[in-house]
Amino acid sequence: MRADLALVGFGHVGRRFATLLEERRDWLALDYELDCRVIGIATAHHGSVFSAHGIDAVAAAARQAEEPLDAEATSAGDSFDVIRSLARSDSPLKILVETTTLDIAAGQPAIDHVRAALESGCHVVTANKGPAAFAYEELSALAADRGVSFLFEGTVMDGVPIFNLVRDTLPAVDILGFRGVINSTTNHILTALEEGDSFDIALARMQADGIAEADPSLDVDGWDAAAKTAALANVLMRARMTPQGVEREGIGQATARLAMAAKGRGARIRLVASAKRTAGAVATSVRPIELPAGDLLAGLRGVANALILQTDLLGDIAMTQLAGGLTQTAYALLSDLVTVGRRHRPGRSAAAPGRTR
């Protein structure tokens, strides 16, 4: 089955997805009967292109998104032109892959990208936290109404299947709360501070690896973790909140003293995201917390992440990611792509495909 893709956003994650798609092309064809081709690419600063016959996205990625993205493709006006062109494709699967940079103020333009694609009958997979953090109820309802999928596994802990786990393997289980370390950059900085590194050196390392957000203040000020917390609370606990509703405290230069002092007591400082259902609401927070050495979260080092789901029937369920980065985030997009293919294979009907819970 042919799947036509439009890549909106072509930074580190988008380019790695393009190369991973090619690396796993045979697997997708043999195991899932998916023949994927990229027919549109939209970037923020290097133009947009579209070709109904396909674009060499790997070559475009190798040029680091510098113009021309593809000399054989037709120049497109902007990201929405690319989405409209995707909607006109005659492919049985039309999928928007949205990887633009997180806007912590309102989740734009990612929300408008997702909405435009869903309204035109295209499936959406995204690694951008904004849509789930700001507009999950609206977008998931729209996807269900149009009979298409809205998937976002890459928004939290990269390719670790948190949302898929709850949706597909925990029927009739209620998520009462969660706590976790869900920002790789700050966890790397905190463990580096414990070893005597400087804050600036540790942050620069994460930027060089492409793990830190384009605006690193989103990481160190706790906004990235707040967006992930809002997304988790919205999807898993029906919270209907935004990142601005998350009680938030980040880390800074002064955290080095706190981290060293905690280590001297046999404890560890970690930036912990949490949510708990209270009477008629969901209380959420992101803040540095001193944890005893025996706590699962205290033992996370470097870019390791973990999330502990608190459930009514199964108690606590912990998921740990020991290594994360561009490949893992790109894999999450690939995994969602396969999910779309499975759900919408000809002859198979999917019930309310846009809903996660």
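LEU232 meets the conditions (1) in a strand (DSSP E or B); (2) modelled with pLDDT of 95 or more; (3) in contact with a helix residue (DSSP H, G or I) (Cβ under 9 Å, 6 or more places away or on another chain) in every case but one. The failed one is (1). Pairing residues of the stretch 5-23 that are closer than 16 Å to SER79 by Cβ and assigned by TED's automatic domain parsing to the domain that holds PRO109 with residues that are polar (S, T, N, Q) and in a helix (DSSP H, G or I), at Cβ distances under 6 Å and at least 6 apart in sequence or on separate chains, gives VAL8/SER79; VAL13/THR329.
This table checks each residue for (1) outside any loop (DSSP other than H, G, I, E, B); (2) under 24 Å from ILE39 (Cα atoms).
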site	(1), (2)
LEU86	yes, yes
VAL97	yes, yes
ILE104	no, no
ARG115	yes, yes
VAL124	yes, yes
ALA132	yes, no
VAL160	no, no
ASN164	yes, no
LEU176	yes, no
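Here GLY130 fulfils each of the conditions (1) modelled with pLDDT under 95; (2) within 15 Å of the chain's Cα centre (by Cα) apart from (1).
Of the set (1) farther than 30 Å from MET241 by Cβ; (2) polar (S, T, N, Q); (3) free of Cβ contacts under 8 Å to residues at least 40 places away in the same chain, all apply to SER89 but (3). You will find that of PHE163, PHE150, the residue that is under 27 Å from ARG16 (Cα atoms), buried (at least 21 other Cβ atoms within 10 Å of the Cβ), outside the structural domain of LYS228 (by TED's automatic domain parsing) and touching a Leu at 6+ places or on another chain (Cβ under 6 Å) is PHE150 and no other. Contact map, the stretch 223-245: residues that are without any contact (Cβ under 8 Å) to a residue 24 or more places away in the chain paired with residues that are outside any helix (DSSP H, G or I) and small (Gly, Ala, Ser), Cβ distance under 9 Å, separation 6+ or inter-chain. Pairs shown: GLN244/ALA105. Against the definition (under 23 Å from the mean Cα position of the chain (by Cα), at pLDDT 90 or above, among the aliphatic types (A, V, I, L, M) and over 25 Å from VAL124 (Cα atoms)), how does LEU309 come out, yes or no? It is true that LEU309 is under 23 Å from the mean Cα position of the chain (by Cα), at pLDDT 90 or above, among the aliphatic types (A, V, I, L, M) and over 25 Å from VAL124 (Cα atoms).
Here LEU218 passes the criteria (1) at pLDDT 95 or above; (2) hydrophobic (A, V, I, L, M, F, W, C); (3) assigned by TED's automatic domain parsing to the domain that holds ALA273 except the one numbered (1).
In the set VAL160, VAL220, VAL181, VAL148, only one residue is among the aliphatic types (A, V, I, L, M), over 28 Å from LEU96 (Cα atoms) and touching a strand residue (DSSP E or B) at 6+ places or on another chain (Cβ under 6 Å); that residue is VAL181. Looking at the stretch 311-328, which of its residues are of a type in the set (Ser, Thr, Tyr) and under 28 Å from PRO171 (Cβ atoms)? Listed by number, the residues that qualify are THR311, THR320. For LEU190, the stated conditions do not hold, so it cannot be described as aliphatic (A, V, I, L, M), buried (at least 24 other Cβ atoms within 10 Å of the Cβ) and outside the structural domain of LEU314 (by TED's automatic domain parsing).
Scanning the stretch 32-49 for residues that are within 18 Å of ARG63 (Cβ to Cβ), under 22 Å from the mean Cα position of the chain (by Cα) and crowded, with 21+ Cβ neighbours inside 10 Å gives VAL38, GLY40, ILE41, ALA42, THR43. The residues listed here are ASP200, ASP219, ASP168, ASP224; of these, the one that is within 16 Å of ILE251 (Cβ to Cβ), surrounded by fewer than 20 Cβ atoms within 10 Å (Cβ to Cβ) and of a type in the set (Asp, Glu) is ASP200.
The values are calculated or read from the model by the stated rules, or taken from the named source; none is laboratory data. Note that this is a predicted model, so its numbers are computed, not measured. Heads up, the Cβs are rebuilt from the backbone with ideal geometry, glycines too, and the neighbour counts pull from every protein chain shown.
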